[in-house]
1. Return the residue satisfying two criteria in turn: it lies in the stretch 215-253 and is surrounded by fewer than 19 Cβ atoms within 10 Å (Cβ to Cβ) and among the aliphatic types (A, V, I, L, M), and of such residues it is nearest to Q149 (Cα to Cα).
2. Restricting the stretch 85-125 to residues that are among the β-branched types (V, I, T) and buried (at least 18 other Cβ atoms within 10 Å of the Cβ), which is farthest from T185 (Cα to Cα)?
3. If we keep just the residues of the stretch 265-315 that are surrounded by 17 or more Cβ atoms within 10 Å (Cβ to Cβ) and hydroxyl-bearing (S, T, Y), which is nearest to A254 (Cα to Cα)?
4. From the list G202, G236, G223, which one is at pLDDT 90 or above and in the same structural domain as R307 (by TED's automatic domain parsing)?
5. Show the residue pairs meeting these rules: Cβ distance below 9 Å; 6+ apart or different chains; first residue within the stretch 77-92 and under 13 Å from H66 (Cα atoms); second residue surrounded by fewer than 13 Cβ atoms within 10 Å (Cβ to Cβ) and among the polar types (S, T, N, Q).
Amino acid sequence: MFEWEKAIQQMTNIIEEMVIRGADDELTLNRLSARLGYSKYHVTRQFARLTGLTLRRYLGIRRIVHSVPDLRDTSLNVLDVAVKYGFSSQEAYTRAFRRQFGMTPGEYRRSPGLLLIPPRSRTFDPYFSGLEEERQMKTAQKPQVTITQVTLPAHKLLHVKNPAADNYFSFWRLQEDIPGQDCDTITGLLDSISTKLDSVTGKMGEFDGQIGGWYHAETGKRGYFYGVRLPLDYTGPLPSQMTVTDVQQIDYLAFVHPAFDWEKDWEAVYDAMEEALAAYDYPANGLSQDLGGFMYQVVNPERLGYRVYVPLLSK
């Protein structure tokens, strides 16, 4: 039932990896269709049906997207950036960049403001797939969640929140009805911000992705938020439809599952995390949860795994 959804998702994953590596010679229809084991005709047709884009157009967009940090954060000249991401000339790169963002690479470099970065195509999600084989991934080896106490440094949280949402999926369903706060717009704007905090080290450097999480709304119920952590001294551009909150340095209880295979193991990992969060006895361990703080949810299957940071009250 989901054969093509999974195949095209695998294809977009390959494209992302190859664009990042600069392996442009492998990004041909012949090579991609051969890796999937389907004919070029069927791959082309199903790719357009599921993503809404031709393969050529999608490839061009992903190359442009990955070139943005090089323009913004490095001293590479525009021609070198163009060559790095597989464009035949600086002129071809400039035309593609202007088509996507309404400005030239040089104009963006001189004034690197916010851009609406197009998201990766997601054609398959095991959370919604309903595939019986995915439902059976809870093997005898149950996923293990470790629990440790950590301190996260003071930072800014740039975010949007919705008091009626209780998880990631309900959040984005509700946000679709709010102008300028839908998933593609918010995640695209966040992708164009350069100075973010690494949730492992708490320092500037490698970025582990955008984060969601929970907070207690004025109604007393738990709402959901989505955003990114920034350093306290951040002075760059900010989306007008998002809120910035200063978060003090405090201790968190970190519930951690290591890196895993998203397509195969997500449901089992998610269930294990929910069980660990529900079962933890704070009073028995001499701790109290800070209900006024932000509970961070970090999902980065390949590098970090799945993590939830619960804020603690100071003793």
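1. Selected residue: I250.
2. Among residues in the stretch 85-125 that are among the β-branched types (V, I, T) and buried (at least 18 other Cβ atoms within 10 Å of the Cβ), the one farthest from T185 (Cα to Cα) is T94.
3. Y309
4. G223
5. V81/T74; A82/S88; A82/S89; V83/S89
The values are calculated or read from the model by the stated rules, or taken from the named source; none is laboratory data. Just so you know, these numbers come straight off a predicted model, no measurement behind them. Positions of Cβ are generated from backbone atoms using ideal geometry, with glycine treated the same way; all protein chains shown enter the neighbour counts.
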